[in-house]
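For reference, the structure is listed below as structure tokens.
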There are 2 protein chains.
Amino acid sequence: MITSSANAQMKYISLLQRKASAREQERAFVVEGVRLFSEVPRQLLLKTYVSQRFQDEEIGKYKELFDGVNYEVVTDRVFDSVCDTKTPQGVLAVVRMPETKTATKNREGLYLILDGIADPGNLGTIFRTAEAAGVTEILLSSDTVDLYNPKVVRSTMGSVFRMSHRVCRDLAKEIKEMEENGIRCYVTSLTQSENYTKVSYKGATAVVIGNEAHGVSQAVLDACREHIKIPMDGSIESLNAAIACAVVLFEAARQRR
Amino acid sequence: MITSSANAQMKYISLLQRKASAREQERAFVVEGVRLFSEVPRQLLLKTYVSQRFQDEEIGKYKELFDGVNYEVVTDRVFDSVCDTKTPQGVLAVVRMPETKTATKNREGLYLILDGIADPGNLGTIFRTAEAAGVTEILLSSDTVDLYNPKVVRSTMGSVFRMSHRVCRDLAKEIKEMEENGIRCYVTSLTQSENYTKVSYKGATAVVIGNEAHGVSQAVLDACREHIKIPMDGSIESLNAAIACAVVLFEAARQRR
């Protein structure tokens with residue numbers, strides 16, 4: 001049993017929770033809670049920890065989930081100290097990052113391109129929404145908030161393990177290549193734009209969503225041939241980024257069905 | 001200048017920030033930040049406070065906004081102590097709640113009915129999204145999170161002042177009356193449901209969205225004649241409540257345009 005937060009494993013977990021650079025270097029991140037733990041593909045599971053209370057009172061309820069899993073027990077106080085959630089459930093795992101696949105350039109694919117999403121809750125919700133809308137792959141600009149940030153991982157509700165994704169150093173270049181490969185790239189913009197319901201998302205299509213405050217970068221705007229907008233009533237200047245993303249993706253899903 | 005957090009006005013602000021019951025009794029709430037302050041209709045403005053730093057360095061930039069506004073100056077430390085935001089901007093106002101209107105029973109209206117939304121960020125985002133989608137009025141069950149909670153008010157981005165809304169004690173009864181008045185009520189549900197894109201939202205229509213974890217209550221489910229669902233790909237069990245709301249409302253807006 002681990003009884004001290006000075007324990008090397010506990011220090012390692014704390015580091016992974018706090019630092020994107022450590023996660024990137026180790027190609028590993030932390031998952032908390034029964035629900036999310038149950039979504040981890042076994043081949044990605046590096047190490048599992050449970051709190052003493054969880055071992056005494058809860059683990060019996062999850063026989064199947066813990067079948068064949070080696071875990072380490074940690075005293076409640078130390079366990080809670082390395083958790084990011086306010087009310088830890090008593091299960092935590094160090095997980096290997098899923099392999100990032102190269103774009104399949106699927107001629108029928110529906111791609112989502114995220115340019116600088118900054119809010120962890122938004123990024124997680126966007127992953128969950130994209131999976132539901134049938135997105136083939138998500139491309140993220142390198143200044144997008146880290147996908148393996150604890151709050152992002154939680155908000156994805158497990159989509160982080162299922163949704164194909166990769167980080168791109170030069171999103172504008174990537175978009176130009178996609179356009180050359182016959183993938184129509186639609187960017188939400190306020191100038192010279194078409195109503196988002198009046199364009200076609202059939203065939204290979206990408207939807208581009210920008211940062212919450214500043215929108216899409218100029219280079220990305222210039223790279224996209226098709227500019228779309230969501231008509232808005234009232235005195236609303238813009239929609240939340242995850243909401244705008246959902247509205248366009250589900251219109252695409254409706255047309256493609 | 002107010003220099004102590006023991007000052008009666010500061011205690012009053014703290015109370016309004018923390019307690020829904022105090023807000024309800026006083027029919028008042030607190031608004032923070034320049035952006036949100038600029039959205040407050042003048043007739044609802046009860047009292048304005050600025051921090052000493054804001055008075056010294058910032059207020060000159062907002063001449064028009066503060067024209068004719070009487071405000072009280074508060075030392076930075078005390079000002080920050082009564083704020084709910086982590087990085088206060090230096091402007092805060094006590095605001096009267098907008099009058100809640102009775103349902104207009106508009107034969108062309110688009111209504112949104114919220115049954116037990118619990119997350120403050122979700123409720124605020126839903127208000128903002130509903131305004132953009134052209135919703136006529138929002139009806140809230142009495143167990144929905146308090147609309148005048150500081151985090152909800154912030155997330156509405158000002159929609160709280162513009163979007164007509166009222167709290168209903170008996171939502172199921174209200175829905176039955178709406179159905180009798182020819183307003184079709186669509187509830188998102190998982191059983192015996194129609195694809196949400198295959199129904200008509202033309203004419204008087206209401207969309208019902210339930211609690212994040214438990215969905216819509218049985219009484220409300222029973223009261224609605226029309227059950228709809230959003231088809232989902234992947235292993236997704238449900239969408240975030242604000243996302244589901246946006247997807248259905250913008251499909252309604254598309255059809256009604």
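The values are calculated or read from the model by the stated rules, or taken from the named source; none is laboratory data. As the structure is a computational prediction, the values presented were derived from the model and not from experiment. We place every Cβ from the backbone using ideal geometry, glycine too, and count neighbours over all the protein chains shown. Heads up: the accessible areas ignore ligands, DNA and RNA and are worked out on the full protein's heavy atoms, side chains in. Shrake-Rupley method; radii C 1.70, N 1.55, O 1.52, S 1.80 Å.
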> So, in the range B:113-128, of the ones that are more than 19 Å from B:E39 (Cβ to Cβ) and within 13 Å of chain A (Cβ to nearest Cβ), which residue ends up most open to solvent (accessible area, probe 1.4 Å)?
Replying inline: B:D119
>> Consider the range A:214-228. How many of its residues are closer than 15 Å to A:T197 by Cβ and modelled with pLDDT of 95 or more?
In response: 2
> Where in the range A:1-82 are there strands (runs of 3 or more DSSP E), lying fully within it, with 2 or more residues that are open to solvent by 20 Å² or more (accessible area, probe 1.4 Å) and within 20 Å of A:F161 (Cβ to Cβ)?
Replying inline: A:45-51
> How do the pairs read when you match residues in the range A:19-35 that are closer than 21 Å to A:Q89 by Cβ with residues anywhere that are charged (D, E, K, R), using Cβ under 6 Å and keeping only pairs 6 or more apart or on different chains?
Replying inline: A:A28/A:R96; A:F29/A:R23
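Every residue, every condition in (1) of a type in the set (D, E); (2) farther than 24 Å from A:I13 by Cβ, yes or no:
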residue	(1), (2)
A:D143	yes, yes
A:L147	no, no
A:K151	no, no
A:S155	no, no
A:V160	no, no
A:S164	no, yes
A:V167	no, no
A:A172	no, yes
A:N181	no, yes
>> For the range A:83-96, give me each residue that is farther than 14 Å from A:I2 by Cβ and buried (at least 16 other Cβ atoms within 10 Å of the Cβ).
In response: A:D84, A:P88, A:Q89, A:V91, A:A93, A:V95
> Can we say A:A28 is aliphatic (A, V, I, L, M) and more than 25 Å from A:S155 (Cβ to Cβ)?
Replying inline: no
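Starting from residues that are without any contact (Cβ under 8 Å) to a residue 24 or more places away in the chain and closer than 19 Å to B:G203 by Cβ, keep the ones in the range B:237-257 and report whichever is farthest from the other protein chains (Cβ to nearest Cβ).
The extreme case among them is B:R257.
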>> Suppose we filter B:E131, B:E137 for residues that are within 21 Å of B:A246 (Cα to Cα), open to solvent by less than 10 Å² (accessible area, probe 1.4 Å) and within 14 Å of another protein chain (Cβ to nearest Cβ); which single one remains?
In response: B:E137
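Residue by residue, here is whether (1) within 14 Å of chain A (Cβ to nearest Cβ); (2) under 25 Å from A:T156 (Cβ atoms) holds:
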| site | (1), (2) |
| --- | --- |
| B:Y201 | yes, no |
| B:G210 | no, yes |
| B:A213 | yes, yes |
| B:K229 | yes, yes |
| B:M232 | yes, yes |
| B:S235 | yes, yes |
> If you check A:S142, A:S155, which single one turns out to be open to solvent by less than 70 Å² (accessible area, probe 1.4 Å) and of a type in the set (S, T, Y)?
Replying inline: A:S155
> Of all the residues that make up the range A:204-214, how many are assigned to a loop (DSSP other than H, G, I, E, B) and either surrounded by 19 or more Cβ atoms within 10 Å (Cβ to Cβ) or touching a Lys or Arg at 6+ places or on another chain (Cβ under 7 Å) (or both)?
Replying inline: 1
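For (1) at pLDDT 95 or above; (2) within 23 Å of the chain's Cα centre (by Cα), each residue gets a yes or a no:
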site	(1), (2)
B:I138	yes, yes
B:M157	no, yes
B:R162	no, yes
B:C185	yes, yes
B:T191	no, no
B:V199	yes, no
>> Condition first: touching a residue at least 24 places away in the same chain (Cβ under 8 Å) and over 23 Å from the mean Cα position of the chain (by Cα). Now tell me which residues in the range B:202-220 satisfy that.
In response: B:K202, B:G203, B:A219
